[in-house]
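Each reported figure results from applying straightforward, stated rules to the coordinates on display, with no laboratory input. These numbers come from a predicted model, not from an experiment. Cβ sites come from the backbone with ideal geometry, for glycine too, and all protein chains shown count toward neighbours.
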């Protein structure tokens, strides 16, 4: 049994609650997503100041394709504009950006903005910000299995270490802490392999309102956890 390392090296967040935040204020869902986008850089800075090395944000899941086409298009345009606007600021703050997910189905505009942001920040040595866009944990595992088969690796050679090298997160440590905002108590197909032994923290606070106070509370609870990893 070991105490939780502090600060956690890798924090992953399911950013939930934009729509409900907007509805409570009589605003459109898009305005809720815009408010959620406005909160990202603030939250990234807070975690960077704590010394967190990796931060993964669940921005668009494979299941989100089931939303109305107009909302998906608006989300992609919002993400493209946001990434384009923030990339240089992140670069100045020594933050490295990575994309987790399938880039093939993204809009051309969004794909180009992601590629440019990743290229611009690739040599930065501060916090690594992973944007999970068109990401799904089950799809990631299936794709990894397909890639292993395509590589003609014999079954006896496949272990957890090798399998991990075929995931989107192959160069990223597993999350120590997974946070979900918005009050729901599930992972929703997020980092299913990587979160096997992550500490989980759920908060009713909606994503646009998530900030310093809530992060302090999440870390307070995390510091009290005993991480057993299957041991006594």
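Here the condition is being touching a residue at least 24 places away in the same chain (Cβ under 8 Å), under 16 Å from the mean Cα position of the chain (by Cα) and closer than 28 Å to residue 217 by Cα; of 35, 132, it holds for 132 alone.
No other residue among 203, 181, 169 is surrounded by 11 or more Cβ atoms within 10 Å (Cβ to Cβ), in contact (Cβ under 8 Å) with a residue 40 or more places away in the chain and under 30 Å from residue 28 (Cβ atoms) apart from 181. Answer yes or no as to whether residue 153 is within 24 Å of residue 175 (Cβ to Cβ) and either surrounded by fewer than 19 Cβ atoms within 10 Å (Cβ to Cβ) or without any contact (Cβ under 8 Å) to a residue 60 or more places away in the chain (or both). No.
Taken over the range 1-24, the criterion of being surrounded by fewer than 20 Cβ atoms within 10 Å (Cβ to Cβ) and either within 18 Å of the chain's Cα centre (by Cα) or farther than 17 Å from residue 204 by Cα (or both) is satisfied by 1, 2, 3, 4, 5, 6, 7, 9. Remark: residue 116 matches the filter, which requires a residue to be in a helix (DSSP H, G or I) and either under 17 Å from residue 191 (Cβ atoms) or in contact (Cβ under 8 Å) with a residue 24 or more places away in the chain (or both). May I ask you to verify whether residue 47 is in contact with a strand residue (DSSP E or B) (Cβ under 8 Å, 6 or more places away or on another chain), assigned to a helix (DSSP H, G or I) and closer than 20 Å to residue 209 by Cα? Answer is yes for this residue. Looking only at the range 79-101, residues that are more than 20 Å from residue 55 (Cβ to Cβ) and touching a helix residue (DSSP H, G or I) at 6+ places or on another chain (Cβ under 7 Å) come to 1 in all.
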